[in-house]
1. Tell me which strands (runs of 3 or more DSSP E) are completely within segment 1-87 and hold 1 or more residues being modelled with pLDDT under 95 and within 20 Å of residue 130 (Cβ to Cβ), or say none if there are none.
2. So in segment 92-127, with the set limited to residues that are modelled with pLDDT under 95 and either under 17 Å from the mean Cα position of the chain (by Cα) or in a loop (DSSP other than H, G, I, E, B) (or both), which one is surrounded by the most Cβ atoms within 10 Å (Cβ to Cβ)?
3. Of everything in segment 133-154, what is outside any strand (DSSP E or B) and crowded, with 17+ Cβ neighbours inside 10 Å? Give them in sequence order.
4. Take residue 191 and tell me if it is more than 18 Å from residue 139 (Cβ to Cβ) and without any contact (Cβ under 8 Å) to a residue 24 or more places away in the chain.
């Protein structure tokens with residue numbers, strides 16, 4: 001995103017605010033962009049964000065923000081045809097919270113929480129939901145560094161349930177996944193191994209199943 005304006009204000013050494021505004025270009029599918037050489041497929045996106053950053057204690061940093069995003073064109077994935085199609089202008093209002101904590105010299109913890117209110121413009125409110133647009137997401141984890149070059153981490157990814165069609169009569173299930181990694185650092189080389197979805201949680205299935213207002217297999 002290209003920033004048009006950035007404003008910082010420091011209330012104290014432990015509290016500051018920033019306001020950002022800018023624009024960029026948006027597409028859900030780079031394959032379409034390449035096929036059309038970017039013509040009529042990269043609509044503009046305008047965003048604004050206000051953040052408050054606080055450090056209430058030496059080993060704790062927190063940031064809370066509110067934001068707005070306007071897309072000149074939303075591209076929605078059509079599962080039956082396997083394509084992305086334009087669906088008109090959309091806007092999103094959101095809030096975010098980030099926390100960084102160091103409970104010990106060898107241990108770091110972090111968590112990010114994001115809420116969005118995505119809606120299509122120019123249509124009735126009851127049909128303004130954006131299919132599969134996330135509403136609540138969160139990531140976070142623990143990272144440990146031990147003497148002798150060893151380090152490891154355990155992290156989570158959460159995606160909450162979200163509308164699967166324009167009137168929200170179908171819902172896509174969310175998921176909670178855990179990843180883990182461990183590494184060893186030599187003086188000039190670091191080796192590591194990581195495992196995604198450590199608990200082997202099923203969060204996607206190629207076949208769709210419908211039951212009342214639930215879409216079970218997204």
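1. Details: elements: 2-12, 15-25, 44-57, 60-71, 75-78, 83-86.
Passing ranges, in order: 15-25, 44-57, 60-71, 75-78, 83-86.
2. Residue satisfying both the conditions and the ranking: 123.
3. Start the filter on segment 133-154 by keeping residues that are outside any strand (DSSP E or B), which leaves 133-135, 146-149.
Correct list: 133, 134, 135.
4. Numbers: more than 18 Å from residue 139 (Cβ to Cβ): yes; without any contact (Cβ under 8 Å) to a residue 24 or more places away in the chain: yes.
So residue 191 fits the description; yes.
The values are calculated or read from the model by the stated rules, or taken from the named source; none is laboratory data. Only a predicted model underlies this, so the values are computations on that prediction, with no experimental measurement involved. Every residue, glycine as well, gets a Cβ built from its backbone with ideal geometry; the counts of neighbours run over all protein chains shown.
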